[in-house]
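Have a look at the structure below before the remarks.
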Amino acid sequence: MSLKVYNTATRSLDTFEPLENGRATVYACGPTIYNHAHIGNFRTFLFFDLVHRYLEWSGYDVRFVMNLTDVDDKVIEAADAARTSISDHTGPFGEIFLDDCRTLGVRPVDRYPRATHYIGPMVDFIERLVARGHAYAADDGAVYFSIASFPTYGRLKGIDTSTLMAGARVEQDEYEKEDARDFALWKPATEMDERVGAAWDSPWGRGRPGWHLECSVMSTAELGETLDMHLGGEDLIFPHHENEIAQSEGATGKPFVRHWMHVKHLFVEGRKMSKSLGNFIRVRELLEEGYDPAAIRHLLISSHYRGDLNFTRAGLEGSRAAVQRLLDFETRLAGVTVDAMAEASELPGLAEEARAAFRVAMDADFNSADALAAVFRFVSGVNAALDRRDAVRPADRDSALDALRSMDQVLGLLEVARAARSVDDDLAAWVEQKIEERAAARADRDFATADAIRQELAARNIVLEDGSGGTRWKVVS
Ligand code: AMP
Ligand code: ZN
C-alpha cells in the first residue's frame, strides 16, 4: 500500500515519494493576518491538518511549516486604514487565527514563520537571484524577477508564455491570472509603507519584499531547498506558486517541490464566498450561533479536498448529528457488558476491516469522504452486532474502541467534541460559582460587589436573568 497524491504539477495521481525515506517535509501557505480568517480558509487549513495527521498516523517523521503573512499589499492597506503599524495590526489577528485553529482541533505545526522576521534572508535570496541572472534592479528602486530567464515559467498553471510580454512588469502582490510579467521581488518603500512600519534598508534602498518571495525564503530556511509537499488553496496556483517555483529553482538550481497539492474553494449556500455577496462567515460567528466546533470540522472535511463543498446551515445540522452518532457510539462501546467467557464476536473482524478501508481511502489522495464512510459503516456494523449480544469479550470491545480512537487521531472529531464539552463544563461551573457569590453579596446588601460580578460576567458575554426561581444565565453574542 502506498499513499497517492494528486500532483498539480504533473496533473496526475503520483505515489508520494519523499526525498528521504520515512521523513516528510511539508510547507503550507497560511493566512494573511490582516483580517479574520473565514470558513473557506478553514476548509483549506483543515485539509492541511488532515495531511499533517495522516502522515504522522502513517508513520512518517513529519516536519510541517505554515507561514503567517504579516507584510503584503493587503496588510499594509489594512494597517494604514486602522491608523496603526503592521505589527500592531497583525498581532491580534495572528492570535485569533491560532485560537480558531485550536478550537477546530488543528494540531500545532512545527513552525509558524512570519515574513517580517526574515527580511535579512530575503535580501540575501534576491542577491543570489541577481547574481544568477534571474533578477534585475530597476531605476525606481524595485528588483524584478526576469521571467525570460526561466524558460519553464508557467508550467505549474499550464499557461503559454509565448504571449509573454518581455520586460513588462507588475508590482502588485496579486494580479490577474495568466498575466506573465516580471514580478517584483523587492519594492521601493512608499510613504504608506514607512507610516505603517513596512520598510527596511536594503542594497536597493528602503523597501519591502514582494509577497511571493516570502514563501520561497521561509520554506527554504525552515525545510531546505527541496520540499516533499507544498499545500495551498487553488487560487494560489497562479501567480503565487508559479512565482515561488521560479524564485526557488532560479536561486538553487534544484527542484523546489516534489508534490504540489491545492484545495478547491468552498461555496456558501450555493455561491462563491465573497465580500460583495456578504456571505463571509467566520468560525466565531458559527460558534456564537451555537454550533459545535466538531460539527464545523466534520462538515469541512466531509468532502474530498478537490471536490465541491457547499457550506450550508442545514449541512451543519447533519454534521452535528453525525458527530453525536460517533459520541453515542463511543459511549455505548465503552459501557458494553463484558464477559471473558462470552463467545467470540464480529467486533475484531469489523475493526480490522474498518482500519483497512480507512487507510485505503486516505491513501487515495486523502479521500476524507470515503474515510468517514468507512468509520460510519463500522459504527453501524458494531451497533448491529451489539444489538444481537448480551456481552462481548473485553478484548473484542477493546479492538473496536482502539480502531475508533485510532481513526479519530486523523479525523479529530471525538477529540474536538470532547474538548468543546469540557470547556462548556468549566464555564458552567465558573458561572454558577459567580452567581452564588453575587447572591451572597446581595444578601449582605453589598450591591457594589453584586454589580461588579454581573459586569465581570457580561464581559464574557454572559447575561443573568433574575426570576422567582432564582438566577438563570445565558451566553449572548
Ligand atoms: P489568505 O488569507 O487570503 O491568504 O488565504 C489563506 C488560505 O485560504 C489560502 O490557502 C487560500 O487559498 C485559502 N482560501 C481562500 N478562500 C478560500 C475559500 N473560499 N475556500 C477554500 N480556501 C480558501
Ligand atoms: Zn505562500
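Residues whose amide H comes within less than 5 Å of that of W204, counting only those at least five positions distant or on another chain, are absent (H built at 1.01 Å from N in the peptide plane). Testing the spin-label approximation: label points 7 Å from Cα along Cα→Cβ at R83 and R377. State their distance in nm. Each label point is offset 7 Å from its Cα along the Cβ direction, giving 6.2 nm.
The K272 and Q172 beta-carbon pair, evaluated with R₀ = 22 Å, returns a calculated FRET efficiency of approximately 0.55. One compactness figure for the range 311-421 is 1.10, namely its Cα radius of gyration divided by 2.2 N^0.38 Å.
Under unit Cβ charges (Lys, Arg +1; Asp, Glu -1), what dipole magnitude, rounded to 20 debye, does the range 425-475 have relative to its Cα centre? Please report the intermediate quantities before stating the final value.
Numbers: 8 positive and 11 negative charges, 38 e Å.
Roughly 180 debye, rounded to the nearest 20.
For G233, the residues whose modelled amide H falls within less than 5 Å of its own, excluding neighbours fewer than 5 places apart on the same chain, are V263.
The distance between label points at D61 and T312 comes to 4.8 nm (points 7 Å beyond Cα on the Cα→Cβ vector).
Helix 447-458 and the long axis of the chain differ in direction by around 60°, with both axes built from C-alpha atoms. Only lysine pairs 8 or more places apart or on separate chains count here, and in the chain those with Cα atoms under 28 Å apart total 25. Once you divide the Cα radius of gyration of the chain by 2.2 N^0.38 Å, the number left is 1.15. By how many degrees, between 0 and 90 and to the nearest 10, does the Cα long axis of helix 313-334 differ from the longest principal axis of the chain? Orientation of helix 313-334: about 50 degrees from the principal axis. Panel order for I237, I86, by other beta carbons found within 10 Å of each beta carbon, from fewest to most: I237, I86. A Förster distance of 56 Å, applied to the separation of the beta-carbon atoms of A443 and D387, puts the FRET efficiency at 0.55.
Based on Cα contacts under 8 Å between residues 6+ apart, the chain shows a relative contact order of 16 percent. Placing +1 on the Cβ of every Lys and Arg and -1 on the Cβ of every Asp and Glu, with nothing else charged, gives the range 311-421 a dipole about its Cα centre of roughly 400 debye. Translational diffusion of the range 425-475 was estimated from the Stokes-Einstein equation, with Rh taken as the Kirkwood radius over Cα pairs; at 4 °C and 1.567 mPa s the coefficient is 118 µm²/s. Helical content alone sets the calculated 222 nm signal of the chain at -15500 deg cm²/dmol, taking -39,500 (n - 2.57) per DSSP H segment of four or more residues and averaging over every residue.
Can you tell me what percent of all Cα-Cα pairs in the range 27-160 are more than 22 Å apart?
Numbers: 4901 of 8911 pairs.
The share of Cα pairs beyond 22 Å in the range 27-160 comes to 55 percent.
For the peptides 101-107, 210-216, 79-85, the ranking by packing is 210-216, 101-107, 79-85, with the highest mean count of neighbouring Cβ atoms within 10 Å listed first.
Protection proxy ranking for 365-373, 438-446, 227-235, 295-303, using the average of other Cβ atoms within 10 Å per residue and placing the highest first: 295-303, 227-235, 365-373, 438-446. Simple rule: put +1 on each Lys or Arg Cβ and -1 on each Asp or Glu Cβ in the chain, find the dipole, and look at L372, V71, A246; the Cα lying farthest toward the positive end is L372. Farthest towards the positive end of the charge dipole of the range 171-304, among the residues P255, S216, G233, is the Cα of G233, using unit charges on the Cβ of Lys, Arg, Asp and Glu. How tilted is helix 86-103 with respect to the longest principal axis of the chain? Cα atoms for both, answer in degrees (0 to 90, nearest 10). Helix 86-103 sits at roughly 40 degrees to that axis.
Hey, can you rank 318-329, 244-255 by average C-beta count inside 10 Å, highest first? Intermediate values should be presented prior to the final figure.
Details: 318-329: 17.3, 244-255: 20.6.
Packing order, densest peptide first, comes out as 244-255, 318-329.
Report the relative contact order of the range 4-263, percent, no decimals, based on alpha-carbon pairs under 8 angstrom and at least 6 residues apart.
Working: 458 pairs, mean separation 64.4, N = 260.
Over the range 4-263, the number comes to 25 percent.
FYI, it's all coordinate maths here, none of it is from the lab. Computed from a predicted structure; not experimentally measured. Heads up, the Cβs are rebuilt from the backbone with ideal geometry, glycines too, and the neighbour counts pull from every protein chain shown.
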